[in-house]
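S.K.: Below are the structure tokens for one structure; questions will follow.
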Amino acid sequence: MPYALSEVLAVAERLWPSTGAESWDAPGLVTGALQQPVAAIQLSVDAVAASVDEAIASGADLMIAHHPLLLRGVTSVAETHYKGALLAKLIRSDTALLAAHTNADVVAAGTSAVLADRLGLVDQRPIDPSATPGTGIGRVGQLAEPTTLGRLARAVAELLPATAAGVRVAGGYDHPIRTVAVCGGAGDSLLGEPAVLEADAYITADLRHHPASEAREQHLIGAGPALIDVSHWASEWLWLDVAAAQLRALLPEASVTVSDVRTDPWDFAIVQ
């Protein structure tokens, strides 16, 4: 028997409390009626044309996207713009859309924690702790066995889905690694955090030139981590399966699936 959307939202709030979201963020229900039935849910990192089409074609009553479609203010949802067109398509198909963003990053089974778990990090703690113990942005922990930067980068490349940009590394291939900090999604704002500075390597996405250059120079004089830069989408994609399993446990009558659509924005790269 289908759940009411309001029931699913209550479960989502339990899993990813909205109080954990950053002040600039926009998680929550984007479109949908509280009493509409939800029998099928599909998860995706991004609500883009391909993933929305897939969710609708699969018969999903609710699409849960990690990244909010309406993160920044809009003044029109006309279908001449892709966001308006996506919203119109979702509404016409009776497919609700929910975003779980930074509120899904900070929880104990959030995006960074999942990545850290898959890397085998032990003694994990948040990089930037929240008020609730065990929660916060990013994770830092120890590898069960020390390795080198090159081997760690190869392990990351094997763990994450392939993308055009691949995995980029700043530091020596044979640099010894034991303590690793990770932040799913864009993480250069955490480069100055003590937990990151004390790590041997920092794995994150969207490292910009100047912050990365400065961090690399500091690393070269022995003050700060080596850097492993990965796709934003790929770094958060692993979380979808964990989130789906949580939803299945709490909503056993619903079908919960994970999108197969690769929503990384880059299509190909030219190696010089």
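The values are calculated or read from the model by the stated rules, or taken from the named source; none is laboratory data. Since the model is a prediction, treat every value here as computed from it, not as a measurement. Cβ sites come from the backbone with ideal geometry, for glycine too, and all protein chains shown count toward neighbours.
S.K.: One residue is enough: does region 135-147 have a residue meeting the conditions on the phi > 0 side of the Ramachandran plot, assigned by TED's automatic domain parsing to the domain that holds Ala199 and either in contact with a Gly (Cβ under 6 Å, 6 or more places away or on another chain) or free of Cβ contacts under 8 Å to residues at least 12 places away in the same chain (or both)?
M.R.: Checked against the condition, which is being on the phi > 0 side of the Ramachandran plot, assigned by TED's automatic domain parsing to the domain that holds Ala199 and either in contact with a Gly (Cβ under 6 Å, 6 or more places away or on another chain) or free of Cβ contacts under 8 Å to residues at least 12 places away in the same chain (or both), region 135-147 yields no hits at all.
S.K.: Another question, if that's okay. Identify, from the list Asp105, Asp128, Asp123, Asp117, the residue that is without any contact (Cβ under 8 Å) to a residue 12 or more places away in the chain and farther than 27 Å from Gln36 by Cβ.
M.R.: Asp117
S.K.: Let me confirm something: among Thr95, Thr111, Thr75, which residue is among the polar types (S, T, N, Q), surrounded by 14 or more Cβ atoms within 10 Å (Cβ to Cβ) and farther than 17 Å from Leu240 by Cα?
M.R.: The conditions single out Thr95.
S.K.: Test of understanding: among Leu220, Leu227, which residue is touching a residue at least 40 places away in the same chain (Cβ under 8 Å), assigned by TED's automatic domain parsing to the domain that holds Ala113 and more than 22 Å from Trp16 (Cβ to Cβ)?
M.R.: Leu227
S.K.: Identify all residues within region 1-36 that are assigned to a strand (DSSP E or B), crowded, with 16+ Cβ neighbours inside 10 Å and over 16 Å from the mean Cα position of the chain (by Cα); write none if there are none.
M.R.: Passing the criteria: Tyr3, Leu29, Val30, Thr31.
S.K.: I'd like to verify a number: residues in region 167-193 that are closer than 21 Å to Leu240 by Cβ and either over 20 Å from the mean Cα position of the chain (by Cα) or in contact (Cβ under 8 Å) with a residue 60 or more places away in the chain (or both), how many?
M.R.: 5
S.K.: Please specify each residue of region 206-228 satisfying the condition of being under 20 Å from the mean Cα position of the chain (by Cα), surrounded by fewer than 22 Cβ atoms within 10 Å (Cβ to Cβ) and not in a loop (DSSP other than H, G, I, E, B).
M.R.: none
S.K.: Can you find a residue that is modelled with pLDDT of 95 or more, over 21 Å from Asp53 (Cα atoms) and either surrounded by fewer than 20 Cβ atoms within 10 Å (Cβ to Cβ) or of a type in the set (D, E, K, R) (or both) anywhere in region 98-108?
M.R.: Yes, some residue in region 98-108 is modelled with pLDDT of 95 or more, over 21 Å from Asp53 (Cα atoms) and either surrounded by fewer than 20 Cβ atoms within 10 Å (Cβ to Cβ) or of a type in the set (D, E, K, R) (or both).
S.K.: Scan region 74-91 for residues that are modelled with pLDDT of 95 or more and in contact with a Leu (Cβ under 8 Å, 6 or more places away or on another chain) and jot them down.
M.R.: Selection gives Lys83, Leu86, Leu87, Leu90.
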